[in-house]
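K.L.:
Quick one: structure below, then a few questions.
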Amino acid sequence: MTAILTATNLTKTYGDVHALDGLTLAAPEGGVYGLLGPNGAGKSTLFRIWLGLIRPTAGQATVLGGAPGVPRRIGSMIETPRFHPFLSARDTLKMLSIAGGLGGDAAEIDALLERVGLTEAAGRKVKGFSVGMHQRLGVAAALLGSPSMVILDEPTSGMDPNGINEMRALLRSLADNDGVTVVLASHQLAEVQKICDRVAILNRGKLAAEGKVSELIGGAGGERLRLSVNDPARAQALIGQAASLDDQSVLAAISRADAPALIRKLATEGVDITEARWVGADLEAVFMQQTEARDAR
Amino acid sequence: MLVDAIAAETFKLTKNWRTSFFAFVFLPVVGLIIALLSELWLEDAFNPNQGGPSLPDLIPFNLTQAVIGSLQPPTFPLTILFCLIGAAVIFAGEYRWETWRLMAPRNTRTNSLLGKILVYAGAAAASLLLGAVLTVIAGLIGAVADGQRIVGGFEGGALNLILGAFGLSWVHLLQAGAVAALAAVATRSILAALMVPLGLGIAQSILQALTSNMPPAEMEWWRPFLMPSLGADILKMALQPVPLPGMELPSALVWASAAALAVWILGGFGGALALFLRQDLSKE
C-alpha cells in the first residue's frame with residue numbers, strides 16, 4: 001500500500017488547544033479515503049497542514065512523498081469555498097487555471113462546469129451563488145488540471161439531496177474511472193459509508209480507528225439486538241461485556257440463537273422489555289464506539 | 001511560476017473593473033477633463049484681455065516641460081491616494097474575500113505575493129503614463145486652439161529629464177504601495193492597507209512642511225529616511241541640470257535620499273513577503 005498522504009506524530013496547538021495531538025496516519029493511493037470525526041477532531045487542521053496553509057507545531061506531514069506547501073497537481077477544497085465576488089464561475093476557473101500554470105484552457109473549464117452541473121450558471125457572478133453552487137464550483141476548481149489526488153473538506157455540505165447524490169456519483173466516478181485518489185472529510189456518516197473505501201476516525205486530534213469500511217463495521221460486531229428496557233444499567237450488567245448502552249436502550253452483541261435465553265433471563269431478573277429488534281452495525285455505530293471509547297479514557 | 005501568478009493577478013484586476021478604473025484610470029481621465037476645460041474655456045472666460053490673446057497664449061508651449069510637469073503634477077498626492085486604493089485591493093483582497101486558501105495551493109507563496117507586487121507596480125506605472133499622456137494631449141489641444149507656438153522635444157537631455165521625472169514619481173508610488181502591502185499582510189484588512197500608508201504619508205508631509213525652509217546643505221542625512229517624500233523631492237532637485245541658487249545639494253544627501261527610498265520599498269515589500277511566508281492562511 002503506497003501512502004500518498006502521511007502524518008507522523010503530528011501536533012498542532014492553538015494556545016492551550018490541541019487541534020492535533022501526536023497524530024500518525026497514512027492515506028493510501030487510490031479509491032476514496034474518508035476522514036471522520038466530531039467537530040474539533042482535527043480533520044480540517046490536518047487538511048490545512050497537508051495543503052501548506054498552516055504549519056504543524058511538531059511532527060511531520062508528507063504529500064506525495066514530499067513536504068506540504070509545494071504546489072503539485074493536487075486539487076483541494078477547504079471548508080465552504082470562497083471565491084472572488086466579481087468573477088463569474090467560468091472566469092473563476094480560468095483565473096485559477098492560469099494561477100496554477102494550466103493556461104486557462106476553455107474546453108477543460110466548460111467540461112468541468114458541465115461535470116458539476118454549473119453550465120447554465122457559468123457566466124453568472126459567483127457572489128449570487130447558493131452554498132450548494134459554491135460547493136460545486138469548489139469541486140470543479142479542485143479538478144482543474146486533472147489532478148492525481150483531490151482533498152475535499154465537507155464536499156456535500158449545503159447541498160440538496162439531488163446534489164448530494166450527484167456529488168457522490170462524481171466522487172466515486174473519479175476514483176473508479178479516472179484513477180483519482182479522493183480524500184474527503186465529512187460529518188455525514190451514511191454518506192461516507194456509501195462512497196469511502198477506507199476511513200480514519202479522528203477524535204480530539206488523535207487517531208481513534210483506521211481501516212476499510214467493511215472491516216471496521218465487521219469489527220463493531222455486525223448484527224446486534226437492541227433492547228428497550230426500564231433499567232438499561234441493570235440490563236447491561238446482566239448481559240455482561242456483550243452489552244453497550246445506547247440512549248435508553250441496550251445493544252447486545254449476541255447471536256440470534258442466544259436471544260430467547262437472554263430475554264428470558266432479563267425477564268426473570270425483573271427487567272421489563274418493551275421492545276426488542278435486530279439492528280445492523282454501520283459506520284455510525286463504529287464512530288460512536290470509537291469516539292465514546294476515547295472520551296471515556 | 002511567477003509568470004502564472006502575474007497573469008492570474010492581471011486577470012483578476014482587469015475583471016475587477018471598478019477597482020481598476022477608480023484606482024488607476026479615474027484620476028487621469030478627470031485630469032484630462034479639467035485640463036481641457038481650463039485650456040478651452042476657463043482661460044478665455046477669465047482673460048482680462050477679452051477678444052485678444054491671454055497671457056499664457058503669448059508664451060510658447062514647451063512640450064518637454066509639459067511632459068515633466070504632467071509626470072510630477074501638483075496633484076500628485078491625489079495620484080498616490082487613488083493608487084493606494086488599488087494597492088489595498090490587490091494586497092488585501094484575498095484576505096477580504098477569504099480566497100487565500102483557494103489561491104495558495106496553486107502557486108508558491110513567494111510567487112503569489114511577487115505577482116501582486118509586480119502587477120501593482122505595472123498598474124501604477126500605467127496610471128502615471130496615462131495621466132501624463134492625457135495631460136499633454138489636453139495641453140497640445142489648448143496650444144493649437146490658442147495658436148501657441150510649440151517648442152521642445154524628447155531628444156538628448158530632455159529625454160533624461162522626462163525619464164527621471166517618471167522614474168521618481170513611480171518610485172514614490174512604489175514606496176506608498178510597499179507600506180500598503182506590509183499593512184495588508186500584517187492586518188489582513190483592506191481598510192488598514194489604505195489608511196496606514198495614507199496616515200503615514202500625511203504625518204510625513206506635515207513633518208516635511210515643518211522643515212521646508214531648511215537649505216539642503218544644512219539637512220541631515222537621516223531626514224529622507226524619516227520622510228521618503230523628502231527623499232523624492234531631493235532627487236527631483238538633483239535631476240535639474242542647473243541647481244537653483246542656494247539649493248546646491250550635497251552628494252551625501254542625494255545618495256541618502258536614494259537609499260531611503262530603496263529601504264522603504266524593499267523594507268515594505270520584503271517585510272510583507274517575510275510575514276506572508278510564515279502566515280497561517282487557514283482563516284482570513
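The values are calculated or read from the model by the stated rules, or taken from the named source; none is laboratory data. None of these values were measured; they are calculated from a predicted model. Quick reminder, even Gly has a Cβ in these numbers, built from the backbone with ideal geometry, and neighbours come from all protein chains shown.
K.L.:
Does A:THR119 qualify as being more than 9 Å from chain B (Cβ to nearest Cβ), free of Cβ contacts under 8 Å to residues at least 24 places away in the same chain and either closer than 28 Å to A:GLN188 by Cα or buried (at least 24 other Cβ atoms within 10 Å of the Cβ) (or both)?
P.N.:
For A:THR119, the condition - more than 9 Å from chain B (Cβ to nearest Cβ), free of Cβ contacts under 8 Å to residues at least 24 places away in the same chain and either closer than 28 Å to A:GLN188 by Cα or buried (at least 24 other Cβ atoms within 10 Å of the Cβ) (or both) - is met.
K.L.:
Return yes when B:GLN208 is of a type in the set (S, T, N, Q) and within 20 Å of B:LEU78 (Cα to Cα) and no when it is not.
P.N.:
In short, yes.
K.L.:
Give me a count of the residues in the range A:46-62 that are more than 10 Å from chain B (Cβ to nearest Cβ) and surrounded by 16 or more Cβ atoms within 10 Å (Cβ to Cβ).
P.N.:
5
K.L.:
Could you identify the single residue in A:GLY30, A:GLY34 that is under 20 Å from A:LEU171 (Cβ atoms), in contact with a helix residue (DSSP H, G or I) (Cβ under 8 Å, 6 or more places away or on another chain) and part of a loop (DSSP other than H, G, I, E, B)?
P.N.:
A:GLY30
K.L.:
Can you tell me which residue among A:GLU292, A:GLU215, A:GLU223 is modelled with pLDDT under 80 and in contact with a Gly (Cβ under 7 Å, 6 or more places away or on another chain)?
P.N.:
A:GLU223
K.L.:
Something else now. For the range B:253-266, state whether one or more residues are on the phi < 0 side of the Ramachandran plot, surrounded by fewer than 18 Cβ atoms within 10 Å (Cβ to Cβ) and either hydroxyl-bearing (Ser, Thr, Tyr) or within 14 Å of another protein chain (Cβ to nearest Cβ) (or both).
P.N.:
no
K.L.:
Which pairs do you get when a residue that is farther than 27 Å from B:VAL171 by Cα, found in the range B:258-284, comes within reach of a residue that is assigned to a helix (DSSP H, G or I) and among the small types (Gly, Ala, Ser), reach meaning Cβ atoms under 7 angstrom, with the pair 6+ apart or on two chains?
P.N.:
Qualifying pairs under 7 Å: B:LEU281/B:ALA104.
K.L.:
Here is a follow-up. Going by what's in this entry, would B:ALA186 be described as crowded, with 20+ Cβ neighbours inside 10 Å and assigned to a helix (DSSP H, G or I)?
P.N.:
Judged against the criteria, B:ALA186 is not a match.
K.L.:
Any idea which residue in the range A:80-93 is nearest to A:PHE47 (Cα to Cα), counting only those that are of a type outside the set (Gly, Ala, Ser) and either facing chain B (nearest Cβ under 7 Å) or in a strand (DSSP E or B) (or both)?
P.N.:
Here the residue is A:PRO81.
K.L.:
Could you list, ordered by first residue, the pairs with Cβ atoms under 7 Å in which the first is in the range A:261-276 and under 13 Å from A:SER249 (Cα atoms) and the second is modelled with pLDDT under 90 and part of a loop (DSSP other than H, G, I, E, B), at least 6 apart or interchain?
P.N.:
Hits for this filter: A:VAL271/A:ASN230; A:VAL271/A:ASP231; A:ASP272/A:ASN230.
K.L.:
Sticking with this one: Checking B:LEU249 against (1) outside any helix (DSSP H, G or I); (2) within 14 Å of chain A (Cβ to nearest Cβ): exactly one of these is not met. Which one?
P.N.:
Of the numbered conditions (1) outside any helix (DSSP H, G or I); (2) within 14 Å of chain A (Cβ to nearest Cβ), the odd one out for B:LEU249 is (2).
K.L.:
Another one. Evaluate the range A:234-244: report whether one residue or more is at pLDDT 85 or above and of a type in the set (D, E, K, R).
P.N.:
yes
K.L.:
In addition: So, of the residues in the range B:140-161 that are surrounded by fewer than 19 Cβ atoms within 10 Å (Cβ to Cβ) and among the aliphatic types (A, V, I, L, M), which turns out to be farthest from B:LEU129 (Cα to Cα)?
P.N.:
B:ALA145
K.L.:
Related question: For the structure I just gave you, tell me whether B:GLY153 is touching a Ser or Thr at 6+ places or on another chain (Cβ under 9 Å) and part of a helix (DSSP H, G or I).
P.N.:
Here the answer is no, as B:GLY153 does not meet what is asked.
K.L.:
Within the range A:202-214, is even one residue more than 30 Å from A:ALA257 (Cα to Cα), in contact with a Pro (Cβ under 9 Å, 6 or more places away or on another chain), in a loop (DSSP other than H, G, I, E, B) and in contact (Cβ under 8 Å) with a residue 12 or more places away in the chain?
P.N.:
There is at least one residue in the range A:202-214 that is more than 30 Å from A:ALA257 (Cα to Cα), in contact with a Pro (Cβ under 9 Å, 6 or more places away or on another chain), in a loop (DSSP other than H, G, I, E, B) and in contact (Cβ under 8 Å) with a residue 12 or more places away in the chain.
K.L.:
Quick one: how many residues across the range A:249-268 are loosely packed, with under 12 Cβ neighbours inside 10 Å and within 21 Å of A:MET288 (Cα to Cα)?
P.N.:
The number of residues fulfilling the criteria is 0.
K.L.:
Still on this model: Among the residues of the range A:63-79, which ones are at the interface with chain B (Cβ under 9 Å from one of its Cβ atoms) and either in contact with an Asp or Glu (Cβ under 9 Å, 6 or more places away or on another chain) or surrounded by fewer than 23 Cβ atoms within 10 Å (Cβ to Cβ) (or both)?
P.N.:
A:GLY69, A:VAL70, A:PRO71, A:ARG72, A:SER76, A:MET77, A:ILE78, A:GLU79
K.L.:
At pLDDT 90 or above, more than 10 Å from chain B (Cβ to nearest Cβ) and more than 25 Å from A:ILE164 (Cα to Cα): is that true of A:ALA107 in this structure?
P.N.:
The answer is yes for A:ALA107.
K.L.:
A further question on this structure: Could you list, in sequence order, all residues of the range A:122-138 that are surrounded by fewer than 24 Cβ atoms within 10 Å (Cβ to Cβ), closer than 23 Å to A:ALA169 by Cβ and within 13 Å of chain B (Cβ to nearest Cβ)?
P.N.:
Listed by number, the list holds a single entry, A:HIS134.
K.L.:
Can you tell me which of (1) within 14 Å of another protein chain (Cβ to nearest Cβ); (2) in a helix (DSSP H, G or I); (3) surrounded by 22 or more Cβ atoms within 10 Å (Cβ to Cβ) is the one A:MET167 doesn't meet?
P.N.:
The failed condition is (1).
K.L.:
Counting residues that are more than 14 Å from chain A (Cβ to nearest Cβ) and over 19 Å from B:VAL30 (Cβ atoms), which helices (runs of 4 or more DSSP H) fully inside the range B:52-135 reach at least 3?
P.N.:
In the range B:52-135, B:55-58, B:63-71, B:76-97 are the helices (runs of 4 or more DSSP H) which contain 3 or more residues that are more than 14 Å from chain A (Cβ to nearest Cβ) and over 19 Å from B:VAL30 (Cβ atoms).
K.L.:
Before we move on, is A:SER97 outside any loop (DSSP other than H, G, I, E, B), within 8 Å of chain B (Cβ to nearest Cβ) and polar (S, T, N, Q)?
P.N.:
For A:SER97, the condition - outside any loop (DSSP other than H, G, I, E, B), within 8 Å of chain B (Cβ to nearest Cβ) and polar (S, T, N, Q) - is not met.
K.L.:
Pairs under 8 Å by beta carbon, first residue over 13 Å from A:PRO68 (Cα atoms) in the range A:1-18, partner among the polar types (S, T, N, Q) and outside any strand (DSSP E or B), six or more apart or different chains?
P.N.:
Listed pairs, sorted by first residue: A:THR11/A:THR57; A:LYS12/A:THR45; A:LYS12/A:THR57; A:THR13/A:THR57.
K.L.:
Quick one: count up the residues across the range A:53-72 that are among the hydrophobic types (A, V, I, L, M, F, W, C) and more than 24 Å from A:LEU102 (Cβ to Cβ).
P.N.:
Residues meeting the conditions: 3.
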